Amino acid sequence: MRRDTFLKSLAALAAAGALPNAAWAANNIKMMIPANPGGGWDGTGRALGEALRDAKAADTVTFENKGGAAGAIGLAQFYNATKGDPNALMVMGAVMLGGIITGKPPVSITQLTPIARLSTEYNVFVLPANSPFNTMKDVVDALKKDPGSVKWGGGSRGSTEHIAASQIAQAVGVPAAKINYVPFRGGGEAVAAILGGNVTVGGSGYSEFQQYIESGKMKAIAVTSPTRVKGMDKIPTLKEQGINVEIGNWRGVFGAAGLTPAQRDELTQRVIKATQSKAWQDALVKNNWMPALLTGKAFDEFVDKDFSALRATMVRAGMV
């Protein structure tokens, strides 16, 4: 076939709407994970990458980890490097919103293109296996006696586990400003600190701690859900232990700055297709993630409301 004839044929197919799925297979998705390996964003990004391939919504997916400052470092790099790129995605979520509120970085999530909320999970607090403490009551008793003696380990400042630790302190009569919170750039670093006894108590999503809880290397002492969660129903809630704290942690993806409405829609459809794949469904079950797909205007409104709600929570907790 002559080159000009071939190009005319492609143009005709595109005009007829027959190209999108075929075009997907030739595309490489570039996934920014604004955290170090081993954490919830890393797990979410890599699970979504596998699902995109499984659903034939992308031919290949490449990953880049850039941790620090609740995702703000990766956010800035993603913003500057991908403007107008319809094949770029960045993992984000409630933790990033909290980090933006506390850190006030030069680049905000509002400068990118919202694509989808994917899942949600509750935070779990754990102790190393050799800890002298066995329950959240033990931790609280030590906190009341000497707040600085209890080192809370978790994600960056403004993360949901940081907020939860501040709320726990307030709930038991300890000023939130007195908690000794140690932030980490990624879940892998937090796990190492907990297992090494470098922090008293650690907090994160259950998926990050699951293998260590099941192997007996960590003791799970509380979950931030309103009621016990299927798949980890042996872990008591904070509420049933007399601490009125409940907070969830959602995760999602944003696209590059400057996408056209058509580019946003196509990228959104790819992500939706990925969430319908067996690979994604298996990841939800394996990690005890709750499906929470939200796209389009509804996702835009959700992010705006969550920003406001998080800010109000953090003000009450004395974090900003």
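Quick notes on this structure:
- F6 being on the phi < 0 side of the Ramachandran plot, modelled with pLDDT of 95 or more and surrounded by fewer than 22 Cβ atoms within 10 Å (Cβ to Cβ): no
- Residue in region 249-269 that is under 22 Å from G154 (Cα atoms), part of a helix (DSSP H, G or I) and open to solvent by 10 Å² or more (accessible area, probe 1.4 Å) present: no
- The set of residues in region 228-241 that are free of Cβ contacts under 8 Å to residues at least 24 places away in the same chain, farther than 24 Å from A142 by Cβ and either in contact with a strand residue (DSSP E or B) (Cβ under 8 Å, 6 or more places away or on another chain) or not in a loop (DSSP other than H, G, I, E, B) (or both) contains only R228.
- Every listed requirement among (1) at pLDDT 95 or above; (2) under 22 Å from T160 (Cβ atoms) is met by A58 save one, (2).
- Of all the listed residues (G153, G173, G188, G196), the sole one being at pLDDT 90 or above and either of a type in the set (A, V, I, L, M) or over 24 Å from S225 (Cβ atoms) (or both) is G196.
- Yes/no for S225 being in a loop (DSSP other than H, G, I, E, B), of a type in the set (S, T, Y) and open to solvent by less than 10 Å² (accessible area, probe 1.4 Å): yes
- Some residue of region 74-92 being open to solvent by 30 Å² or more (accessible area, probe 1.4 Å), in contact (Cβ under 8 Å) with a residue 12 or more places away in the chain, part of a strand (DSSP E or B) and out of contact with any His (no Cβ under 8 Å at 6 or more places or on another chain): no
- Test: residue in region 280-291 that is more than 27 Å from M136 (Cβ to Cβ), in contact with a helix residue (DSSP H, G or I) (Cβ under 6 Å, 6 or more places away or on another chain) and in a helix (DSSP H, G or I): yes
- Figure legend. Inter-residue proximity from region 203-214: first residues among the charged types (D, E, K, R), second residues crowded, with 24+ Cβ neighbours inside 10 Å, beta-carbon distance below 8 Å, spacing 6+ or different chains. Indicated pairs: E208/G39; E208/G40; E208/G187; E208/A190.
The values are calculated or read from the model by the stated rules, or taken from the named source; none is laboratory data. Keep in mind the model is a prediction, meaning the values are calculated, not measured. Reconstructed Cβ throughout: ideal geometry from the backbone, glycine too, with neighbour counts over all protein chains shown. SASA here: full protein model, heavy atoms, side chains in, ligands and nucleic acids out. Shrake-Rupley method; radii C 1.70, N 1.55, O 1.52, S 1.80 Å.
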